[in-house]
Amino acid sequence: MTVDSSAARKPRRSAAGKAGTTGTKRTTRTTRKSTEPELVQLLTPEGERVKNAEYDGYVDGITPDELRGLYRDMVLTRRFDAEATALQRQGELGLWASLLGQEAAQIGSGRALRDDDYVFPTYREHGVAWCRGVDPTNLLGMFRGVNNGGWDPNGNNFHLYTIVIGSQTLHATGYAMGVAKDGADSAVIAYFGDGASSQGDVAESFTFSAVYNAPVVFFCQNNQWAISEPTEKQSRVPLYQRAQGFGFPGVRVDGNDVLACLAVTKWALERARNGEGPTLVEAYTYRMGAHTTSDDPSRYRGDEERLAWEAKDPIMRLRRFLEASNHADEGFFAELETESEALGRRVREAVRAMPDPDHFAIFENVYADGHALVDEERAQFAAYQASFADAEGGH
């Protein structure tokens, strides 16, 4: 189905010569919940296709097979994510950062990339990793503590996960500057969240990328909560408008709309490859679960907000469109469910076959030549570990 675009769905950009608002009126939490922001949207939550003259061209040629592929990507990514959360709860992983609710932002942007583009993720880009061909079990090895990533970044043009908030944007900017100097026509994309957007590293990246016209796309997944901190406590303007102060365009896209994320990211990457410099894409989405498995979101947000966003679920949105357009039947969905369960079993078996992490590895390589205090701490930790064996022997 297709409906006409409303004024509220017109693309919002901020840069010289681009349409956009520059007001700085403070946004309250109540306003954030009750007002739908202006953003690029091609699929409504009901699965209706929205016309957009500026971005339709980037997805008009998409085939039914490709649409089913996007749906499959999101379903399998969510299945993997759910399995990882369960494994952490069972003590198999030390921690897990769920992407629940952000599948469209990651799959849409990930499928917009070419093989020769380079990706700099944070630690939640499991869907992008899937698009880049990284085996999901490699991601879990890092969260189990048995490797430092487990994949060759140059093999997939997908860098290792970055735990230090925002620092990967500097890496991406430097790499993009190198790409430009080499004369290549590939692009670079850096992923980060709304919380990272407040980091100085991100502002420095914006400065350097703008001055050197670096071919980099800054993809901010605004899931509205930096752990327990809402976005309005970090910025008085929408995040995409920050690009305006650095002299390059920013655009806000519906982060629960996989087609819109695909189209906008293609547009931004095209700009980069054509020598037009950086772009900030703000994917306005929602973190359906906890920040990580060590977090309890019920302590700082209510069920009403979560339920409102469940109605905008990115997977159900595309399913409704597929069904209404007769692009997928029950046989397709049943086969995908079988594939999803098989993926869950494979991931579960692979993690349980992994070795336990080396408890003493944390003390290695702290100092090049060793240190007396580290030696003392190692001995204390060894005694602590031995106490468990003694307790078990006592039983």
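What to note about this one:
- Any hit, segment 39-50, residues being over 22 Å from the mean Cα position of the chain (by Cα), open to solvent by less than 60 Å² (accessible area, probe 1.4 Å), modelled with pLDDT of 95 or more and on the phi > 0 side of the Ramachandran plot: yes
- Just one residue in the set A53, A104, A86, A97 is touching a strand residue (DSSP E or B) at 6+ places or on another chain (Cβ under 9 Å) and hydrophobic (A, V, I, L, M, F, W, C); that residue is A104.
- Any hit, segment 133-140, residues being of a type in the set (D, E), out of contact with any Gly (no Cβ under 7 Å at 6 or more places or on another chain), surrounded by fewer than 23 Cβ atoms within 10 Å (Cβ to Cβ) and under 22 Å from A342 (Cα atoms): yes
- Residues that are closer than 13 Å to L113 by Cα, at pLDDT 95 or above and either assigned to a loop (DSSP other than H, G, I, E, B) or of a type in the set (D, E) (or both) within segment 180-199 comprise S186, A187, listed in sequence order.
- Considering residues of segment 139-161 that are in a loop (DSSP other than H, G, I, E, B) and either over 26 Å from E83 (Cβ atoms) or modelled with pLDDT of 95 or more (or both) only, the residue farthest from the chain's Cα centre (by Cα): N157
- Search result, residues across segment 273-332 that are in a helix (DSSP H, G or I), more than 19 Å from S228 (Cα to Cα) and open to solvent by less than 50 Å² (accessible area, probe 1.4 Å): P314, I315, R317, L318, F321, L322, G331, F332
- Pick from segment 166-198, criterion of a type in the set (A, V, I, L, M, F, W, C) and touching an Asp or Glu at 6+ places or on another chain (Cβ under 8 Å), ranking: surrounded by the fewest Cβ atoms within 10 Å (Cβ to Cβ): A184
- Here D369 clears all of (1) over 28 Å from A86 (Cα atoms); (2) without any contact (Cβ under 8 Å) to a residue 24 or more places away in the chain; (3) among the charged types (D, E, K, R); (4) outside any loop (DSSP other than H, G, I, E, B) except the condition numbered (4).
- The set of residues in segment 219-231 being more than 20 Å from A105 (Cα to Cα) and either hydroxyl-bearing (S, T, Y) or open to solvent by less than 20 Å² (accessible area, probe 1.4 Å) (or both) consists of S228 alone.
- Checking each residue in segment 335-360 for being part of a helix (DSSP H, G or I) and either open to solvent by less than 50 Å² (accessible area, probe 1.4 Å) or touching a Gly at 6+ places or on another chain (Cβ under 7 Å) (or both) picks out L336, S340, A342, L343, G344, V347, A350, V351.
The values are calculated or read from the model by the stated rules, or taken from the named source; none is laboratory data. If you're wondering where the values come from, they're calculated on a predicted model, not measured in any experiment. With ideal geometry, Cβ positions are generated from the backbone for all residues, glycine too; neighbour counts draw on all protein chains shown. Note: areas computed on protein heavy atoms with side chains; ligands, DNA, RNA excluded. Shrake-Rupley method; radii C 1.70, N 1.55, O 1.52, S 1.80 Å.
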